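Here's the structure we're looking at; comments come further down.
The values are calculated or read from the model by the stated rules, or taken from the named source; none is laboratory data. Not measured: the values here are computed from a predicted model. Virtual Cβ from ideal backbone geometry, glycine too; neighbours counted across all protein chains shown. Accessible surface is based on the protein model in full, side chains and every heavy atom, while ligands, DNA and RNA are left aside. Shrake-Rupley method; radii C 1.70, N 1.55, O 1.52, S 1.80 Å.
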There are 2 protein chains.
Amino acid sequence: VRGELPVNVKVLIEGEEEIGSPNLKPFVTENRKRLACDTIVIADSSQFQADVPAITYGLKGLSYLELIVRGPSVDLHSGSFGGSIANPANVLAEMIAACTKGGRVAIPGFYDDVKPLEAWEREEWAKLDFSEQAYLDGIGARAAFGEPGYTTLERRWGRPTLDVNGLYSGFTGQGAKTVLPAEARAKLSMRLVPDQSSRKITELATRYLRSIAPATVSVEVLDHHGGEPVLVSREGKAMAAAANALEAAFGRAPVFIREGGSIPVVHTFKAELRADSLLLGLGLPDDGAHSPNERFRIRDFHRGAHMMATLLDELAR
Amino acid sequence: VRGELPVNVKVLIEGEEEIGSPNLKPFVTENRKRLACDTIVIADSSQFQADVPAITYGLKGLSYLELIVRGPSVDLHSGSFGGSIANPANVLAEMIAACTKGGRVAIPGFYDDVKPLEAWEREEWAKLDFSEQAYLDGIGARAAFGEPGYTTLERRWGRPTLDVNGLYSGFTGQGAKTVLPAEARAKLSMRLVPDQSSRKITELATRYLRSIAPATVSVEVLDHHGGEPVLVSREGKAMAAAANALEAAFGRAPVFIREGGSIPVVHTFKAELRADSLLLGLGLPDDGAHSPNERFRIRDFHRGAHMMATLLDELAR
């Protein structure tokens, strides 16, 4: 439009976010001076719903573990040996079941550092045009479920969770095979909210899992990766500039939301560069993130260009 | 030795035993006359331990189910959606955990038809030269575990059990992936003792699993296959002939044991041909049945030939 940019722009491309960004943090630390900036803009977030732009001011953190329960040295005949020793798959199931209770996480101390939702957040989220039934229909789920005392949006955005991400043991093919498995594995992750610490929650969960492991099996807990939860202030000039830019592109003011996903680099940028991040992604809830056939709407690609151009102007002002 | 057999011999070869013998029962029923006989000899059992021959007079039955828990229509991002709906893998773990309690099966009615162990069985088994530590070392297990109030041999041979044979859900590769799985599956089998009925136990287990399934997911229970438990009388001429034949081959009298595995055709033969089976297999507990690198000792192959020749003579007498 103008032939030159109204502010300096540095571009940082990250390709390891889904495996915990093992190289990004050291890179940012080593290049603190080159990366120095006033404001960071990240595109990895979503509209509240189609054509309702959003500024994401909160992200969950993550603790990702793998629980391995080992019994006999090889898979055994379940008839000849069943009933005489602990079955690692049964033990794994019991240990997973002991991690939650009635929609809450049952790991002692898990909620100790959770910052309660603010009254104004709960009020604003309650006003959002969110149909729980349409949400459930969209993902094909029969019912909502989770921590009692919170709405579905509150649980997704503002409350910590524990989910099994994968299970693997014994015979997994079609039909039947009568083995007593040598080993059973679960991928187990917890999404964290401010002011929980990923390191502390990983320690609490690991200690808890070890404490409930029966002596009849051997239990290993692998620490896959983690990330810290984030809350960004809704005040300040950069935030106002972002709101104006979104309004220019969409023809309506953005809503302020949080997100259940994790972007650990937001925390890294804050710690290393002392700069806040603007989360201005234009994804949609039904884009199929992390699923087969993921997409991004062309219409929102054009809006994104409009928003970014406006944002640079707004920040220059 | 003699140039002719002292009794008539009919040979029946079964190749589908591990998948529940779907064709054998109809075959036996249709060929009842051709198969008519006084005594049946089956080789699918074991010595009590190396060089201690055994006659197996009891076998467990089987009910084999697959439990499928379905949630959202596809795997979802566990950050964006976690905490808002039930996770099928967590639900599966809870349902499995609810199937056992302290080494006992927790399905209501499961023990109703169990025939208690006889006093003489418990006495004779207690006299057997069985080292629990050597047994555990052999299979690489840390400890014995199972139903309270019974010895390890009693649990293996004479008490019903429930084992997970396989688990499968979500992400099962190396490392981490943050999905909320669409589906979780468990292979689940129960070993039965007289007078439990495979059909009845399958029904009880299916009804129980449906009753504990939360309304937040959909649950399917597949019936893979089953078989009836068996007890053979230790009395009679055929049993005495078998004992003599084993003694001739091994130079010592056999012990009388039961087995935790299942040979459903024993029940079929009894029902259709009205003949008892002699279980005279010469396998060893550490042959690795159903495991990689299964074996059969050559020495026992030769003893088996000796035993079978003697048995035909004994039966003819």
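Quick one: label points 7 angstrom along Cα→Cβ at B:V7, distances to the other copies in nm, smallest first?
Distances between equivalent label points, in nm: 9.6.
What is the helix-to-structure angle for B:264-273, meaning the angle in degrees between its Cα long axis and the longest Cα principal axis of chain B, kept from 0 to 90 and rounded to the nearest 10?
The angle comes out at about 50 degrees.
With the Cα gyration tensor of region B:27-71 giving a ≥ b ≥ c as the square roots of its eigenvalues, does the rule (a/c under 1.5 for rounded; else a/b larger than b/c for prolate; else oblate) give rounded, prolate or oblate?
oblate
Work through the residues other than B:G103 whose Cβ is under 11 Å from its Cβ and net out their charges, Lys, Arg +1 and Asp, Glu -1.
Taking every other residue near B:G103 into account, the sum is +3.
What ³J(HN,Hα) values, in whole Hz, does the Karplus curve 6.51 cos²θ - 1.76 cosθ + 1.60 give for region A:59-71 when θ = phi - 60°, with x put for Gly and Pro?
After applying 6.51 cos²θ - 1.76 cosθ + 1.60, I find 10, 7, x, 8, 10, 10, 10, 10, 9, 10, 10, 10, x Hz.
Can you list residues from other chains, or at least 5 along the same chain, whose modelled amide H is less than 5 Å from the amide H of B:L76?
B:L180, B:A182
Among B:G109, B:I19, B:S46, whose Cα sits farthest toward the positive end of the charge dipole of chain B (+1 at Cβ of Lys/Arg, -1 at Cβ of Asp/Glu, about the Cα centre)?
B:G109
Kindly identify region A:71-148 as rounded, prolate or oblate by the Cα gyration tensor criterion: order the square roots of the eigenvalues as a ≥ b ≥ c, call it rounded if a/c is under 1.5, otherwise compare a/b with b/c, prolate if a/b is larger, else oblate.
It comes out oblate by the Cα gyration axes.
Which order, highest average first, do B:8-14, A:143-149, A:95-101 follow once you tally other Cβ atoms within 10 Å for each residue and take the mean per peptide?
My ranking of the peptides, most packed first, is A:95-101, A:143-149, B:8-14.
With springs connecting C-alpha atoms under 10 Å apart, model chain B as a Gaussian network and identify which of B:G82, B:G175, B:G15 has the largest mean-square fluctuation.
B:G175
Could you tell me how many cubic angstrom of Cα convex hull volume the protein assembly as shown has per residue?
It comes to 180 Å³ per residue, whole-number rounded.
Describe numerically, in nm with one decimal, the distance between label points set 7 Å from Cα along Cα→Cβ at B:Y111 and at A:E124.
Computed distance between label sites B:Y111 and A:E124 equals 5.9 nm.
Could you pull the copy-to-copy label distances for A:R295, with points set 7 Å along Cα to Cβ, in nm to one decimal and sorted shortest first?
In nanometres, ordered from closest: 6.0.
One decimal, nm, shortest first: give the distances between the label point of A:E203 and those of the same position in the other copies, each label point 7 Å from Cα along Cα→Cβ.
5.6
So which residue, out of A:G283, A:G83, A:G102, gets the largest mean-square fluctuation from a GNM of chain A using Cα contacts under 10 Å as springs?
Most flexible of the set in this elastic network: A:G83.
Quickly work out the B:C37-to-B:A271 label distance, labels modelled 7 Å from Cα along the C-beta direction, and quote it in nm with one decimal.
1.9 nm
Which percent of the accessible area of region B:9-62 is formed by carbon and sulfur heavy atoms (probe 1.4 angstrom)?
Here carbon and sulfur together make up 53 percent of the probe-accessible area.
Each residue of region B:200-216 in order: what ³J(HN,Hα) in whole Hz does its phi give by Karplus 6.51 cos²θ - 1.76 cosθ + 1.60, θ = phi - 60°, with x for Gly and Pro?
Values, residue by residue: 5, 5, 4, 5, 4, 5, 4, 5, 5, 4, 5, 5, 9, 6, x, 6, 7 Hz.
On average, how many beta carbons from a partner chain sit within 10 Å of the beta carbon of a residue in A:134-143?
6
Evaluate peptide A:259-266: per residue, the Cβ atoms of other protein chains within 10 Å of its Cβ; return the mean as an integer.
3
Please give the peptides B:124-135, B:35-46 ranked by average Cβ packing (other Cβ atoms within 10 Å per residue), highest first, as a rough proxy for protection.
B:35-46, B:124-135
Between beta-carbons, use under 14 Å as the cut-off and find the net charge around A:R297, counting Lys and Arg +1, Asp and Glu -1.
Its environment carries a net charge of -2.
If we count every other residue with Cβ under 14 angstrom of A:N31's Cβ, Lys/Arg +1 and Asp/Glu -1, where does the sum land?
Spelling it out: positives minus negatives among the neighbours equals +2.
Please report how far the C-alpha centroid of region B:216-279 lies from that of region A:80-152, rounded to the nearest whole angstrom.
If you average the Cα positions of each part, the centres end up 47 Å apart.
Provide the per-residue ³J(HN,Hα) series for region A:80-93, in order, calculated from phi with Karplus coefficients 6.51, -1.76, 1.60 and θ = phi - 60°, each as a whole number of Hz, with x at glycine and proline positions.
Per-residue couplings from phi come out as 5, 10, x, x, 9, 9, 5, 8, x, 6, 5, 4, 4, 4 Hz.
With label points built 7 Å along Cα→Cβ from the Cα atoms of A:A248 and B:M308, find their separation and express it in nm.
Computed distance between label sites A:A248 and B:M308 equals 9.0 nm.
Need one value for B:62-71: mean number of C-beta atoms belonging to other chains within 10 Å of its residues' C-beta atoms.
That works out to 2 on average.
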